[in-house]
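Reviewing the structure listed below.
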């Protein structure tokens, strides 16, 4: 390989590295936006569930007045539990996505720089452990 070919390979690697960095930044921006909207959704969902729980407690206290209230309270409680389970499932799904994106980021960085060092791996483990705890 002559000097011109070596310079061409270096330029190609630099362009590829720049593209990977841009893609990585775009992925992280999308993830941050998704996390922001998900957190807002989770806060609203939690507020709604607290309201439903309060209504359920109120209806249960009045159970002696009408049997329909007890049935309604039971239905609301079951719905609340289902919503909460769904929210937890969605949260676990998002955390898995975040971990995958972090892993991709580390691998892209290693590919772009031509280095696969222990710092990248320990960074991935630390970042992933933060996500799941």
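The values are calculated or read from the model by the stated rules, or taken from the named source; none is laboratory data. Note that this is a predicted model, so its numbers are computed, not measured.
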Exercise for review: With respect to residue 21, determine if the residue is in a helix (DSSP H, G or I) and within 12 Å of the chain's Cα centre (by Cα).
Suggested key: no
Practice item. Answer yes if at least one residue in the range 95-106 is farther than 30 Å from residue 16 by Cα and modelled with pLDDT of 75 or more, and no otherwise. Key: no
Practice item. Inspect all residues belonging to the range 71-86 and state whether any of them is over 35 Å from the mean Cα position of the chain (by Cα) and modelled with pLDDT under 80. Key: yes
